[in-house]
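What follows draws every value from the coordinates through simple rules; no lab data is involved. Just so it is clear, the model here is predicted, and its values are computed rather than measured. Cβ placement follows ideal geometry from the backbone for every residue including glycine, while neighbour counts extend to all protein chains displayed.
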Amino acid sequence: MTQQVSTPIPPVAPLPTKSQELQQFLRVLLRSPGAKIGALILVVLILVALFAPAIAPYGPSEMGVGGNLQSPSAEHWFGTDEFGRDLFSRIVHGSRLTLMIGFIAVGISMTAGTLIGLVAGYAGGWLETILMRAIDVLFSFTEILIALATVAVLGPSLTNAMIAVGISSIPFYARVTYGAVLVEKNKEYFKAAQAVGARHHRLLFRHILPNILSPIIVVATVGVSIAILSASALSFLGLGPQPPSPEWGAILAAGRDFFRRAPWITTFPGVAIALAVLGFNLLGDGLREALDPQQRS
């Protein structure tokens, strides 16, 4: 009679705790030089926006504080515009508008796009077909064209510019969410939750949504930079915030008539826009790496 030898079962590694996952996330994020540079740029930008009245020596629309089209000097670091307004003060105060436009526009597009992608991917059938074909129609147009059409209907203003930029980015979030939902629906944990009779709202917001947040966060971070560029383009065309608003795109548009005589009016807001976009893009790349499970293993 042969004796059976049992094979020992290898121990199962314990799942990482929330604090361990956070430590791994921060470790990977801080390992990226680009993410650190992007975070530094954004921290400076946020601090400037928060303390704009204390940083700016003059009001954003205060005229006659210096000579018209005065070049940069110790008194006016960025020079003055055609109305004698201090350009440094206008750009500092404009950082508030830039961040507000970026965050609110992304909030609109991320909320609407995520809901559309969730419903379409989860429900399937005719509802999926209608929603995703509508997204395909929006995808056939460029973002700036959708934003221009929206502003043409609503009228040029700061609020309408944020709405227009938000609507133009909805297809990206819908597509990302839709694809992620289809992947999650085929996983064992979701099928097990269905088998025990979990309700629809629990399946959507307790099981699917928390597991697809990583790509949405990355897209949203980069989306802020796209929203800033789109809003600046609308302002440059005269369809965004109206004068005397210190929005960076509006300042840039006003300075094009004086580019030969006063190039600093277009140079400094252009550099501010470029730095803000660079900061969000670098941070978005770092978040993409940090949220990748393979990078944290």
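Numbers below:
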{"read-out": "With Cα atoms, 0 to 90° folded angle of helix 18-31 axis to the chain main axis", "value": "50"}
{"read-out": "Rounded tilt (10° steps) of 143-154 against the dominant C-alpha axis of the chain", "value": "60"}
{"read-out": "Spherically averaged projected area of the chain from its Cα convex hull (nm²)", "value": "22.4"}
{"read-out": "³J(HN,Hα), Karplus 6.51/-1.76/1.60, whole Hz, each residue of the stretch 246-259, x for Gly, Pro", "value": "x, 5, 4, x, 5, 5, 4, 5, 5, x, 5, 6, 10, 4"}
{"read-out": "Student exercise, the chain dipole from Lys, Arg, Asp, Glu Cβ charges, in Debye to nearest 20", "value": "800"}
{"read-out": "Dipole magnitude (debye, nearest 20) for the stretch 133-205, charges at Cβ of Lys, Arg, Asp, Glu", "value": "380"}
{"read-out": "Set of the stretch 234-256 residues, backbone N closer than 19 Å to the point 7 Å along the Cα-Cβ line of GLU62", "value": "244-247"}
{"read-out": "In sequence order, calculated HN-Hα J values of the stretch 273-282 (Karplus, 6.51, -1.76, 1.60; Hz; x Gly/Pro)", "value": "4, 4, 5, 4, 5, 4, x, 5, 5, 5"}
{"read-out": "Tensor-based shape of the stretch 211-263 (alpha-carbon gyration tensor, a/c under 1.5 rounded, otherwise prolate or oblate)", "value": "prolate"}
{"read-out": "Built amide H within the under 5 Å cut-off of ASP86, gap 5+", "value": "VAL65"}
{"read-out": "Hz values of 3J(HN,Hα) by residue in the stretch 129-134 - Karplus curve (6.51, -1.76, 1.60), Gly and Pro given as x", "value": "4, 5, 5, 6, 6, 5"}
{"read-out": "Principal-axis tilt of helix 213-236 within the chain, Cα atoms, nearest 10 degrees", "value": "20"}
